[in-house]
Amino acid sequence: MTTTSVKRLPAENGRSGWEAISRRSLPVRSLEGNVTADWLIIGAGFAGLSAARRLLQLRPYDKIVVLDASEIGKGTSGRNSGFMIDVPHNLSSSEYASGGLDATRLEMAQNRAAIAFAKEAADEYAMSSETFDPAGKINAAATARGMRLNISFGQSLRSAGEKHAFLNAAEMQEITGSDYYLGGLFTPGAVLIQPANYIREFAAGLSRKIDLFERSPVTALTRNKGTWAAISPRGKVTAPNVILGVNGHIDDFGHFRGRLMHIFAYASMTAPFPAEDFGRQVSGRDRWALLPADAMGATVRKITSCGQSRIVIRTKYTYETTITVSDHRMAKMATEHRNSLDARFPGLKELPFEYSWAGRLCLSRNHVPAFGEIEEGLYSACCENGLGTVKSTLAGIMAAELATGTASEQLEQYMDHAAPSRLPPEPFAWLGINSVIRLQELRAGREG
Ligand SMILES: Cc1cc2nc3c(=O)[nH]c(=O)nc-3n(C[C@H](O)[C@H](O)[C@H](O)COP(=O)(O)OP(=O)(O)OC[C@H]3O[C@@H](n4cnc5c(N)ncnc54)[C@H](O)[C@@H]3O)c2cc1C
């Protein structure tokens with residue numbers, strides 16, 4: 001018998017505004033006692049829930065159990081900016097499309113397969129357009145450098161035959177109500193989700209056919225005579241096959257240690273303000289979604305519901321070896337958000353933030369997932385490289401196909417990557433990665 005103790009469990013850093021304004025229809029159920037299943041999935045984010053949905057399609061009569069340490073929508077899957085992006089989106093350099101034409105085409109095909117899978121789920125689970133909105137996104141540029149990055153990104157999209165449109169400063173102002181931006185690059189294929197709604201409605205849709213247990217952390221995983229057992233404080237799940245959809249926590253399960261970068265991203269959401277006259281005057285149309293032209297800049301979204309608007313802003317990253325950050329750091333990041341918001345929307349200076357939060361991303365140095373059968377009957381669908389709404393969705397689908405022996409060209413292409421490469425030992429990794437982030441953020445300047 002082999003046993004791995006899971007020493008660190010997920011923790012929340014601030015309350016996600018998306019989660020706070022989202023309603024959940026599904027009662028919380030925790031694991032009590034011993035359960036046997038055909039499949040156990042650990043983690044109920046994009047990866048874990050997508051794996052469950054794909055397994056249901058492939059093995060409709062099998063028993064599937066999903067365990068999560070937290071509550072659906074409170075983890076990183078319910079605290080992101082909600083951009084499901086089809087075009088290349090490489091966060092580890094300031095240019096999004098850093099590969100050649102073939103790599104760009106493959107990445108787009110993979111991202112689109114994940115978005116199509118998400119759309120099928122959104123249709124089946126009757127998600128509204130507030131939850132799942134195929135509206136496209138704009139890469140907004142506030143500096144001459146940002147404009148150059150947009151032009152270069154536009155060129156790579158043109159070479160790949162992809163639809164895109166450049167927007168000038170007046171058009172950006174008409175959309176956002178702000179004269180901060182010099183221009184933008186619109187691409188139509190992105191879907192904007194309300195992430196907490198999406199993940200909750202996805203889970204509620206699945207829950208008719210699977211057993212989903214929240215507040216049920218896995219504290220140890222054992223293997224005995226070909227069967228896995230996941231131990232939780234008040235129960236145990238035994239299954240021959242396990243899929244890990246725990247993203248960066250995969251190294252707390254003893255795999256890919258020293259190969260994954262845990263990057264914190266920080267966001268804030270304003271209090272609501274009236275959408276009509278005042279809202280339109282200071283912040284333009286009811287809904288828009290801006291990514292920064294420089295990947296190290298600020299992501300800004302405006303949402304409107306029942307006559308009330310809010311702005312959500314994400315900017316700044318840090319690399320951490322811990323799973324929580326200090327209150328001091330959280331306050332500092334909220335101040336950064338305030339400065340970025342005020343610079344763009346001076347008319348909202350008096351409007352407070354209602355929520356500020358952070359969440360953990362998982363990146364590998366060589367931009368590959370931590371994927372595959374890592375022990376007999378144990379599969380990893382982890383390391384989303386910062387774009388988990390699509391990459392973790394895809395990893396979950398692929399893990400279900402791999403685990404059921406469902407061969408496809410897509411799976412073959414997906415599996416064709418190196419393992420995540422090794423990081424320098426600590427504290428050199430911490431120092432090096434944070435220095436690179438700081439330098440890139442300084443270079444991004446007014447984009448942040
Ligand atoms: C501020 C911010 C903005 C972002 N914006 C975007 C964006 O616009 N677009 C985009 O694509 N991505 C974005 N991301 C990243 C995105 O949120 C992640 O990539 C995504 O959540 C990863 O999904 P996942 O399912 O792989 O992992 P997670 O969402 O982290 O889910 C893993 C689950 O595993 C559970 N778990 C871990 N350990 C255990 C255990 N021992 N026992 C039981 N359960 C366990 C956790 O509770 C968690 O629910 C953003 C992230 C942040 C923080």
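What follows is calculated from the coordinates using simple rules that are stated; it is not laboratory data. As the structure is a computational prediction, the values presented were derived from the model and not from experiment. Methodologically, a virtual Cβ is constructed for each residue, glycine included, from the backbone with ideal geometry; neighbour enumeration extends over all protein chains shown.
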Testing the spin-label approximation: label points 7 Å from Cα along Cα→Cβ at Ser159 and Thr404. State their distance in nm.
3.8
Ellipticity estimate at 222 nm from DSSP helix runs (n ≥ 4, -39,500 (n - 2.57)) divided over the chain, nearest 500
-10000 deg cm²/dmol
Applying a 10 Å radius around every beta-carbon, put 335-347, 264-276, 282-294, 384-396 in order of their mean neighbour count, most first.
384-396, 282-294, 264-276, 335-347
Fully extended contour minus Cα-Cα distance, from Glu120 to Arg280, at 0.36 nm per residue
54.3 nm
Given axes a ≥ b ≥ c from the Cα gyration tensor, I'd like to know whether the range 154-205 is rounded (a/c under 1.5), prolate (a/b larger than b/c) or oblate.
oblate
FRET efficiency for Thr322 and Glu373, Cβ-Cβ distance as r, R0 = 25 Å, nearest 0.05?
0.25
Whole-Hz Karplus ³J(HN,Hα) for the range 212-226, in order, using 6.51 cos²θ - 1.76 cosθ + 1.60 and θ = phi - 60°, x for Gly and Pro?
10, 10, 9, 6, 10, x, 8, 9, 7, 10, 10, 10, 9, 6, x
State which entries of Lys7/Lys137; Lys316/Lys391; Lys236/Lys391; Lys163/Lys349; Lys119/Lys225 exceed 31 angstrom in Cα-Cα distance in the structure shown.
Lys7/Lys137; Lys163/Lys349; Lys119/Lys225
For the chain, go through all pairs of different Cα atoms, get the mean of 1/r, take its inverse, and jot down that Kirkwood value in Å.
22.1
How far apart, in nm, are two points set 7 Å out from the Cα along the Cα-to-Cβ line at Lys63 and at Arg365?
4.4
At a 10 angstrom cut-off on C-beta neighbours, averaged per residue, how do the peptides 102-113, 300-311, 242-253 rank from highest to lowest?
242-253, 300-311, 102-113
